[in-house]
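Novice: Sharing a structure with you now.
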Amino acid sequence: MGKDEAGREWARHWRYPQLPGLDLLRAHYVRHTFPRHAHDGYVIAAVTGGVEEIGMPGGTLRAGPGSVVLINPEVPHTARAGEPEGWAYSTLYPSRELITDVAAELGTPRGTPGFTAEMVLDAQGAKLITEVHRAAEAGNALAADTLLRSVVARMLSRHAAPLPARTVPGAGGSDAERARAVLEERMARPPSLERLAAELGTSPFALLRAFRERYGMPPHTWLTDARVRRARRLLEAGGAPAEVAVAVGFTDQPHLNRHFTRIVGVPPGAYRRARAG
């Protein structure tokens, strides 16, 4: 981390049109903390300075320079600085389709691939990730695409296996899935936990316990994350932040700004501008 970057926070979360199915985030955070959230796709992150602490379901990871963090879709996690100077990283967010396509080209076993390690020390892999960013920022589509596929192939060949097939949930798991569907459908005006449980024919505490077990977070935390995910899609489609805030159920734009920035790492206005054109 250079001296000019050591004392300030900055972030760029964007999409390079020549790399479909990929989001890019390059940032240095000091005070920023990411609350528990999950992603639709995968996370492949190279820490380039400082220390990042990642709260995973199985415990806390401490990732320093040369570390590559690997997170599968829908895995709840948090992130924060692991030392006073913060951390810098370059992150790739490949979609499920991109990962599946590369896995098919590699001839890996059938099924949806998933990472078997949450963090690996791989200086060369970390360097490749930063080079994807450099190539994209330079507008070098050929290099960016080549490097991206090299990174994904490297991680899949070394640290992946087919994700286990989803088992049919028991009564509690079924209630959790039904609750999630209700919250998705009524995101702007969600019911209370008591009302939601009554609609599903269960008790509030039983539903809370089942939802935590199924999704790794309570319903209200999951709903905030889901609102931000939907807000991202609406902003990408050109929606104005104030209108998007109301559409997804936040009280106003400042409410959206606060939660969006905490979860995504950049404000909604900057996120929208980075995708314009």
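Novice: Residue by residue through region 87-128, note down the ones that are out of contact with any Leu (no Cβ under 9 Å at 6 or more places or on another chain), under 30 Å from Arg212 (Cβ atoms) and open to solvent by less than 80 Å² (accessible area, probe 1.4 Å).
Specialist: Across region 87-128, the qualifying residues are Trp87, Thr100.
Novice: Does Leu92 qualify as being within 26 Å of Ala11 (Cβ to Cβ) and touching a residue at least 60 places away in the same chain (Cβ under 8 Å)? Before you say what the answer is, go through the steps one by one.
Specialist: Values: within 26 Å of Ala11 (Cβ to Cβ): yes; touching a residue at least 60 places away in the same chain (Cβ under 8 Å): yes.
Taking the combined requirement at face value, the residue satisfies it.
Novice: Does at least one position in region 163-183 carry a residue that is at pLDDT below 95, among the basic types (Lys, Arg) and surrounded by fewer than 18 Cβ atoms within 10 Å (Cβ to Cβ)?
Specialist: yes
Conditions tested, residue by residue: (1) touching a helix residue (DSSP H, G or I) at 6+ places or on another chain (Cβ under 7 Å); (2) closer than 29 Å to Glu213 by Cβ; (3) of a type in the set (A, V, I, L, M); (4) touching a residue at least 12 places away in the same chain (Cβ under 8 Å).
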residue: Ala11; (1), (2), (3), (4): no, no, yes, yes
residue: Gly59; (1), (2), (3), (4): no, yes, no, no
residue: Pro65; (1), (2), (3), (4): no, no, no, yes
residue: Pro73; (1), (2), (3), (4): yes, yes, no, yes
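Novice: Which ones in region 50-73 are assigned to a loop (DSSP other than H, G, I, E, B) and either closer than 16 Å to Thr116 by Cβ or among the basic types (Lys, Arg) (or both)?
Specialist: Scanning region 50-73 gives Pro57, Gly58, Asn72, Pro73.
Novice: Could you tell me how many of the residues in region 1-16 are modelled with pLDDT under 95, open to solvent by 40 Å² or more (accessible area, probe 1.4 Å) and not charged (D, E, K, R)?
Specialist: Result for region 1-16: 3.
Novice: Could you check, for region 214-222, whether at least one of its residues is open to solvent by 70 Å² or more (accessible area, probe 1.4 Å), at pLDDT 95 or above and part of a helix (DSSP H, G or I)? Working first, answer last.
Specialist: Kept after step one, since they are open to solvent by 70 Å² or more (accessible area, probe 1.4 Å), are these residues of region 214-222: 214, 220.
Now restrict to residues that are at pLDDT 95 or above: 220.
Next, from what is left, pick out any that are part of a helix (DSSP H, G or I): 220.
Yes, region 214-222 contains a residue that is open to solvent by 70 Å² or more (accessible area, probe 1.4 Å), at pLDDT 95 or above and part of a helix (DSSP H, G or I).
The values are calculated or read from the model by the stated rules, or taken from the named source; none is laboratory data. Small disclaimer: the values here were computed from a predicted structure and weren't measured. All Cβ positions, glycine included, derive from the backbone under ideal geometry; neighbour counts span all protein chains shown. The area values use the complete protein model at the heavy-atom level, side chains included, leaving out ligands, DNA and RNA. Shrake-Rupley method; radii C 1.70, N 1.55, O 1.52, S 1.80 Å.
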